[in-house]
Amino acid sequence: MKFRYSILLLPILLAVLAVVSVAETTPSAYDRVLFPDRRCQRMVSENSTRRGPTAAAEAEAECEVWSEACSKAVLSLARRLEMAEWLRGIRRKIHANPELAFEEIETSRLVREELDLLEVSYRYPLAKTGIRAWIGTGGPPFVAIRADMDALPIQVSYFSLSSFHHPLLFILPISPYEAVEWEHKSKVAGKMHACGHDAHVAMLIGAAKILKTREHLLKGTVILIFQPAEEAGNGAKRMMQDGALEDVEAIFAVHVSHEHPTGIIGSRPGPLLAGCGFFRAVISGKKGFAANPHRSVDPVLAASASVISLQGIVSRESNPLDSQVVSVTLLNGGNNLDMIPDTVVLGGTFRAFSNTSFYQLRERIEQVIVEQASVYRCSAEVDFFENEYTIYPPTVNDDRMYEHVKKVSIDLLGQKNFRVVPPMMGAEDFSFYSEVVPSAFFYIGIKNETLGSTHTGHSPYFMIDEDVLPIGAAAHATIAERYLIEHGS
């Protein structure tokens, strides 16, 4: 009886073996979707032998020229469900545990752990918490893609006014916590990823995974820069001092933008972001009873005149076609309603698109404050933080690198999903890289009114549409891989 069953089962077993044999030599449905063109398909040695060495060689050789199919292959990798979930998980971990400039200990640890799992080599530390990783042949050309890791301080001290004669206390209803209520909101009072750097890190790790998968196709080396302290910390400059740009001939970076719908990429040739500096002035007078102002020297009046006069620098001294900004954002003096204080502190920021205009602004800001103070019998000292904070130069996109970002974006996402954007008065320490090697900085949209992803950066209401993460990863990876193909020897 057992023998009879064995005879009956034998044809079934032979049929199963035949199906398995065919499956081993036939591309799976996954392969056909992910790699619609064999030019972009990884050649497994066993299958390559069965198809013949000539077919394998042609497939690899044809990848010397970038094709639409290659862009689709990268995008397919990025948009896999497991990739999207993985990227969201990374971003949420970083978002819930924000760290300020040069304090990105746990963020850096998370990045290194992910790189270890991907078997990506790296050097650590640079600039205290930064990482320089690499994927590819180890030889030229070298192209870099960069992400910033630091969060923002959002804690605002409660402000009070009190008077001995007229007791009064004002408390502004400002919370030191992230205002967006969701499961992964910041766990740290006074700190928040309110500028999207958590998303930038996730995108770059996603690009690392894509590039590692396609490492055999790379025609050079991709450098991945995970940078600390973009927000007023000069992390880029410190990274460069520690060798982050060694051998690098071009560098690219992305920033999320609430100005554009999710997935839209925008950039422009030439000046994109302004140079940025900060100032803080202490105006000193003589303290006195407010009922007898003639017996005091009033720094509040001198500070008020300074604020008014500073507005005339741009409106009356600069060329209207040369965009410049002087904004006073801080004015503090005294804590008693019936006393004229000894000192008043005022401060703010100044911006310009050329270094010449920028340093003219710096000179005039100091002159105006010092001389206005003297008009009202006060003295003034102006600090531009040049000992601990290097002024950001303008961010200027190289024309060729901009064109590279443009064609990659259009091939990857379609013409309608790329926009030429106007210059902005914001600033970025990516500008330090752009002074050394050809570079391009670009935006990727996160605007989604349904989700509430509409608030500007540096707001406690800032949030992102996480659907952008795979798109950003694909853009990074394609920009880098295609650059190597088109700029190799």
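Here, each number is a calculation from the coordinates, and none is a lab measurement. Every value quoted in this text rests on a predicted model; they were computed, and no experiment measured them. Don't worry about glycine lacking a Cβ; one is built from the backbone with ideal geometry, like all the others, and counts go over all protein chains shown.
Among residues other than Asn292 with Cβ under 14 Å from its Cβ, the summed charge is +1 (Lys and Arg +1, Asp and Glu -1).
Between Arg109 and Ala291, the FRET efficiency from the beta-carbon distance, with R0 = 60 Å, is close to 0.50. Amide hydrogen proximity for Ser186: with H placed 1.01 Å from N in the peptide plane, the residues at 5 or more positions away or on another chain lying under 5 Å are Glu178. Computed over the range 275-383, the convex hull of the alpha-carbon atoms projects to a mean area of 6.5 nm². With R₀ set to 25 Å, the beta-carbon distance separating His458 from Glu388 gives a calculated FRET efficiency near 0.75. Over all other residues within a Cβ to Cβ distance under 11 Å of Ile90, the charged ones net out to 0, with Lys and Arg as +1 and Asp and Glu as -1. Checking the Cα-Cα distances for Lys209/Lys406; Lys185/Lys407; Lys187/Lys212 against a 28 Å cut-off, the pairs over it are Lys185/Lys407; Lys187/Lys212. Summing charges over all other residues whose Cβ lies under 12 Å from the Cβ of Ala427, with Lys and Arg as +1 and Asp and Glu as -1, gives -3.
The label-point distance for Arg280 and Val421, in a model that sets each label 7 Å from Cα toward Cβ, rounds to 3.0 nm. Couplings 3J(HN,Hα) for the range 323-340, derived from phi with the Karplus relation 6.51 cos²θ - 1.76 cosθ + 1.60 (θ = phi - 60°), are 4, 9, 9, 10, 10, 8, 10, 9, 8, 10, x, x, 9, 9, 6, 10, 10, 7 Hz, where x marks Gly and Pro. By the count of neighbouring beta-carbon atoms within 10 Å, fewest first, Lys447, Lys287 end up ordered Lys287, Lys447. The simple Förster model, with R0 at 56 Å and r as the Cβ-Cβ distance, assigns Ser309 and Glu486 a FRET efficiency of 0.60.
About the centre of its Cα atoms, the range 275-383 shows a dipole size close to 120 debye [charges on the beta carbon of Lys, Arg (+1) and Asp, Glu (-1) only; nearest 20 debye]. Evaluating 6.51 cos²θ - 1.76 cosθ + 1.60 at θ = phi - 60° for every residue in the range 297-305, the Karplus couplings come out as 10, 8, x, 5, 5, 5, 5, 4, 5 Hz, glycine and proline recorded as x. Backbone amide hydrogens, once placed in the peptide plane, bring Asp298 within less than 5 Å of Lys286, excluding anything fewer than 5 places away on its chain.
Annotation: amide H-H contacts under 5 Å for Gly277 (H modelled 1.01 Å from N, sequence separation of 5 or more, or interchain): Phe350.
Across the range 228-245, rounded Karplus estimates of 3J(HN,Hα) from the backbone phi angles (6.51 cos²θ - 1.76 cosθ + 1.60, θ = phi - 60°) give x, 6, 6, 6, 6, x, 6, x, 4, 5, 5, 4, 5, 4, 8, x, 4, 9 Hz, Gly and Pro being marked x. Going by neighbour counts of Cβ atoms within 10 Å, the residues Ser67, Ser257 line up, fewest first, as Ser67, Ser257. Taking a point 7 Å out from the Cα of Leu118 in the direction of its Cβ, the residues of the range 429-472 whose backbone N falls within less than 15 Å of it are 469-472.
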